[in-house]
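Presented below is the structure to which this report refers.
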Amino acid sequence: MDFSFLFTNIVELTITGLAIGAVYSLVALGYTMVYGVLQLINFAHSEVFMYGTFAVAWVFVFLHGTVPVTQSLGSTIGLLVVALLAAMALSAAIALVIERVAYRPLLKRGAPRLMALISAIGASFALSELMGLRDRVVGWVGLRDNLDNYVSKARDTYSNPVTIQPDTVFHVGSYGVKNVDIMVIVAALLMMIALDQFVRRTRFGRGMRAVAQDPDSAALMGVNASRIVRGTFVLGGMMAGAAATLYMVKIGSTRQDSGFILGVKAFTAAVLGGIGNLRGALVGGLILGVAENYGAGIFGTQWKDVVSFVLLILILLVRPSGLLGESLGKARA
Amino acid sequence: MGVVRTYLDRMARRYAALPRPARLALIVLLVIFFYVLPLLRPPIITTEQIDFGGVMFGVAATALVAVGLNIVIGYAGLLDLGYIGFYLVGAYTTGVLTAYHFAWPFFLVLPLAVVVTMATGVLLGWPTLRVRGDYLAIVTLGFGEIIRLIVTNVGWLGAAAGIKDIPHPPNIGPAPKPPFDQGGLFSIPSLQWDGIIPSIDQGRDTRFLIFGALSAVPYYWLILTFLILILFADRLVKDSRVGRAWEATREDEDAAELMGVPTFRFKLLAFALGAAIGGLSGSLYASSQGGYINPQSFPLLLSILFVAAVIVGGAGSRWGAIVGGTLVAYLPERFREFADFRLLVFGLALMILPVYRPQGLLPPRRTIRARVAAKEIDQLEGRDDAQTEVL
Amino acid sequence: MAERARVLEVDDVTLRFGGLTALDSVSLHIDEGEILGMIGPNGAGKTTAFNVITGVYQPTSGAVRFEGQPLAGLKKHAITRRGIARTFQNIRLFNSMTALENVLVGADAHHSSGVLSALFRTSKHRREEDDGHERGMELLEFMGLTSRADELAANLSYGDQRRLEIARAMATGPKLLCLDEPAAGFNPQEKVQLMELIKRVRDRGYTVLLIEHDMRLVMGVTDRIVVLEFGKKIAEGTPAEIRDDPAVIAAYLGVDEDAS
Ligand SMILES: Nc1ncnc2c1ncn2[C@@H]1O[C@H](COP(=O)(O)OP(=O)(O)OP(=O)(O)O)[C@@H](O)[C@H]1O
Ligand SMILES: [Mg+2]
């Protein structure tokens, strides 16, 4: 254990922790919203995120080519906006597919919860494997050569050709805070505020809260529950797409299995804040990001993931309703 | 799918209708068949590119794991996604005690590995079995990953390099003296097939009973023996107060509790027994032909494949678990082209099955009866496409 | 009525769900061998009272004593083993198990054979299995379910399911049997039959606590009645006393139709 390392680097660990925590928060929103309306864990949400990361990388390859370059954040911003839109679109589409294939048929039959969870686990693996076999899949339709830049070495790390150079914007003590971290945190916060307002103010948001509180009486009041459920998956997917973009800004590369660990962490964030609670997802994500950075600082980076898993188990045991309490309906947002 | 399903159902029902001695005879025949299967090397099912004995060992090991996991998922209704962790604990206990730090004899270590794994199961189950069912899945996933990270990072457990030279189980008969004397008591030949005409294969002998590099068949026999013993035990326990308590807990935990079932204790018991079987399988795996384990041998993906084996086979049915385990382990070896698509296919199966056949390929017998009865009721009531959902 | 031992005492129990007071200083007692009726409009707190008695909820204040012993802090299954059994307003059988197996689960409440007994088929295991089967079949016969013993609970008719729930509860060998609207969904004739059955249950030595909406039926079978409204006990007495109680009449005015 190395507490002196933690104390000398506390500013850096906090800020980078907040940045990755902001990504967790955005992904956690998807878990939390679906849980809010369906009381089901969408295990496959991690793949919604993973597809988003590939959308980002593909956009860069498409618009920029495969030659690796390093450039500043400012000159990349235009590309980033295009990538963001593409990632949000692809992630939302994947979320819809999951809803259609793994949830709707089961919900219609009133199958047990565990079955829905198993189906989602299956969907998660199928999606992740599909990404890992994308070279074969495009080969079957005869596009292997045309798409080589996008599908080669399907099971390896796939990098964004454009590496964003973090620049120091200001100093806290001796640590120079990087523009990339600031951008990630601010962008995530903006997305979350937008979502929060959307859920509070629009008709759709009211419907969502009504279904979360009580699906039966919501139906009586004329809320179209299945439309709300679909919309919830789409919203969660869009947030995961945004998270994917920020993740690629910070990490720069992805893999077919990159959703797995991140998904468990985002789920931890959702539970930490109180599953079903939008603001809880924000709080949970930020706390988790910082906590695992501190934990890594104390015990060494190889224990980083263990820190989050232990935190998840502790929170479930000590306060299963999370820090801010459960429920989309009751928390009023 | 529909055809397979009615066929399997009909077979299961016909078997159930047989008189007891006939059922027993059938089982004995089946057991003998499975012991000699890797020597028979029947065409079509024998894997040609890969050593068939080794494949059968893998199949039996996976079936054993599935039978253990079936207690947890099928009987008690606890979705454990970190089962690989127990497999790992069994394997590493064996590795550490027979090779890495000590040199204890295999048949002393095997029960120890089972006990250690069982204790791990209790230790993990104690805090986690109180959380809600769907949370349990994620928590067990976390634990599975924690266990893997621990062995990856702790030097005393071999870290990333793993543990090698784990000794084989003890031989029966004189030890081999390479290069010519293969040891053992006697030789058992294998068959080879020319179309449908069998003949003795001169180059493929199995020495009784040498655990070595030459033939994987003795390892297969060993694990098959354990599998059969576990199946008997599984049946005795399922058909008792314990089995009823599990089923009641799975069906309605609160109601079970109010009928006097200490549900937590029984869930913990299921977890511990499942863990013990996982540990047994892991221990046998560690001392198998390669004698080498490392953290990469236990990816979390394997956990999901085990779950797939149980669900595809039919949760709550021990024969279903065997069928599921066999499919998961055998298909990719037989159809090498298929190996790369294994996770995709079983992922799809997990996704689709809950919708179209939630009871799996070989559901527990009572589920079959329930569905038949439900169908009759539906017909009486003039419906035709209703299904009972059972997990 | 002669002085009888008190089986159950509910002493000044209050239970709050957040802002809602589901039970408000409720006190009642049940004497050995009687059938106590519990009535009250929808949402009066009857089921909640059952839940407190059987340990599903811990009361916010007050105490429940069974045969003089406080139940506070006991697990649900321990309370069942002490001798309180119940049925559910919404049927909660173990659907994938047969009728007999459902009853066996109840009978197992007093058994203790575990994995090792089962593995080695010890004499204890066999004794308990025989005992359970014997008791189970006897109870099924008592409930008129003998021919359905090997049928899955899910496939039983509605009425059989209701009766099976009672059999399962009786199999736990309770002193006090709590029945939560056992006749719900029955037609008048079935209801009368069930009430006769409940009398016979009492005659076998069980003490019965019965929730039932239908005033007339309740009057016919119970020895005493407790009336709840908005979580408060508003009356208690013999059926005749309850019938003439102005508070009860007020509570049931306009409620009676849809409730019965
Ligand atoms: N777990 C709970 N959380 C919050 N409120 C509850 C809970 N259980 C019961 N209540 C409330 O307590 C009150 C009493 O409910 P209860 O089910 O005991 O009524 P009841 O007398 O059994 O009615 P019914 O005749 O409809 O069965 C109701 O207002 C109900 O909404
Ligand atoms: Mg009620």
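The values are calculated or read from the model by the stated rules, or taken from the named source; none is laboratory data. Nothing here was measured: the structure is a model prediction, and the numbers come from that model. For neighbour counting, all protein chains shown are included, and Cβ atoms are generated from backbone atoms with ideal geometry for every residue, glycine included. For accessibility, only protein heavy atoms count, side chains too; no ligands or nucleic acids. Shrake-Rupley method; radii C 1.70, N 1.55, O 1.52, S 1.80 Å.
Descriptive notes on the structure:
- Averaged per residue, chain A has 40 square angstrom of accessible surface, using a 1.4 angstrom probe with ligands and nucleic acids left out.
- Ordered from highest to lowest accessible area with the whole protein assembly present and a 1.4 Å probe, B:112, B:129 read as B:112, B:129.
- Comparing each chain alone with all protein chains together (probe 1.4 Å, DNA, RNA and ligands left out), the residues of the stretch A:33-69 losing at least 10 Å² of accessible area are A:35, A:41, A:43.
- Highest GNM mean-square fluctuation among B:312, B:131, B:65, for chain B modelled with Cα contacts below 10 Å: B:131.
- In this simple spin-label model, placing a label point 7 Å from the Cα along the Cα-to-Cβ direction at both residue B:296 and residue A:4 gives a separation of 3.7 nm.
- Accessible surface buried upon A-B contact (total; probe 1.4 Å; Å², nearest 100): 3900
- Of the whole protein surface, residue A:227 contributes about 120 Å² of accessible area at a 1.4 Å probe radius.
- Packing, taken as the mean count of other beta carbons within 10 Å per residue, orders the peptides C:50-60, A:7-17, A:229-239, C:158-168 from highest to lowest as A:229-239, C:158-168, C:50-60, A:7-17.
- Each part gets one Cα centre, and for the stretch B:120-135 versus the stretch B:1-69 those centres are 34 Å apart.
- When all protein chains stay in place and ligands, DNA and RNA are ignored, the 1.4 Å accessible-area order of B:186, C:230, largest first, is C:230, B:186.
- Area of residue C:157 that stays accessible when all protein chains are in place (1.4 Å probe, Å², to 10): 60
- For a straight C-alpha distance cut-off of 24 angstrom, the lysines reachable from residue C:199 (same-chain residues fewer than eight places away being disregarded) are C:46, C:175, C:191.
- Our note on the geometry: Cα centres of the stretch C:53-132 and the stretch C:133-162, 18 Å apart.
- Split the accessible area of the protein assembly as shown by element, probe 1.4 Å, and carbon with sulfur accounts for 61%.
- Translational diffusion of the protein assembly as shown, estimated by Stokes-Einstein from the Kirkwood radius over alpha carbon pairs at 25 °C in a medium of 0.890 mPa s, is 78 µm² per second.
- For the stretch A:3-330, the normalised intensity computed at q = 0.08, 0.10, 0.16 Å⁻¹ comes to -0.37, -0.58, -1.38 (log10 of I(q)/I(0), Debye sum over alpha carbons, equal scatterers, no solvent).
- GNM top mover of A:171, A:64, A:45 - chain A, alpha-carbon springs below 10 Å: A:171
- Chains C and B, summed buried accessible surface - 1.4 Å probe, Å², nearest 100: 3000
- Spacing of the two label points (7 Å from each Cα toward its C-beta) at residue A:169 and residue B:35, in nm: 7.5
- What the Cβ-Cβ distance of residue A:67 and residue B:335 gives, at R0 = 35 Å and to the nearest 0.05, is a FRET efficiency of 0.30.
- For A:272-282, mean number of other protein chain Cβ atoms within 10 Å: 0
- Computed from the C-beta positions of residue A:157 and residue B:159 and an R0 of 25 Å, the FRET efficiency is 0.60 to the nearest 0.05.
- Reach of residue C:75 by Cα under 16 Å, taken over aspartates and glutamates that are not fewer than 8 positions away in the same chain: B:253, B:254, B:257
- Residue A:24 accessible area, assembled protein chains, probe 1.4 Å, Å²: 10
- Segments B:138-149, A:207-218, B:351-362 sorted - mean Cβ within 10 Å per residue, highest first: B:138-149, B:351-362, A:207-218
- In the stretch A:87-106, the residues that give up 40 Å² or more of accessible area when the other protein chains are added, compared with the chain on its own (1.4 Å probe), are A:101.
- Seen against the Cα atoms of chain C and their longest principal axis, helix C:188-203 is set at about 70 degrees.
- Assigned charges on the beta-carbon of Lys, Arg, Asp, Glu; chain A dipole about Cα centre (debye): 1160
- Placing dummy labels 7 Å off each Cα toward the beta-carbon, the span from residue B:193 to residue C:146 is 5.5 nm.
- The sum of -39500 (n - 2.57) across all DSSP H runs of n ≥ 4, divided by the residue count of chain A, sets its helix-only mean residue ellipticity at 222 nm to -23000 deg cm²/dmol.
- For C:232-240, mean number of other protein chain Cβ atoms within 10 Å: 0
- The ellipsoid that matches the Cα gyration tensor of the stretch A:229-306 has semi-axes, each √(5λ) in whole angstrom, of 23, 17, 10, with the longest given first.
- Solvent exposure of the stretch B:1-104 amounts to 43 Å² per residue of accessible area, where only protein heavy atoms count and the probe is 1.4 Å.
- Taking a straight line from the alpha carbon of residue A:304, these aspartates and glutamates sit under 19 Å away, with near neighbours fewer than eight places off in the same chain left out: A:2, A:12, A:257, A:292, B:145.
- Other protein chain Cβ atoms within 10 Å, averaged over every residue that makes up B:246-254: 5
- Whole-angstrom gap from the stretch B:237-303 to the stretch A:208-253, using each part's C-alpha centre: 36
- Choice from C:99, C:85, C:72 showing the highest fluctuation, given a GNM over chain C with Cα pairs closer than 10 Å: C:72
- Taking a sphere under 9 Å around the Cβ of residue B:76 and counting the other residues whose Cβ falls inside, with K and R at +1 and D and E at -1, yields a net charge of +1.
- Contact with the other protein chains removes 20 Å² or more of accessible area, compared with the isolated chain and a 1.4 Å probe, from these residues of the stretch C:68-86: C:76, C:77, C:80, C:81, C:86.
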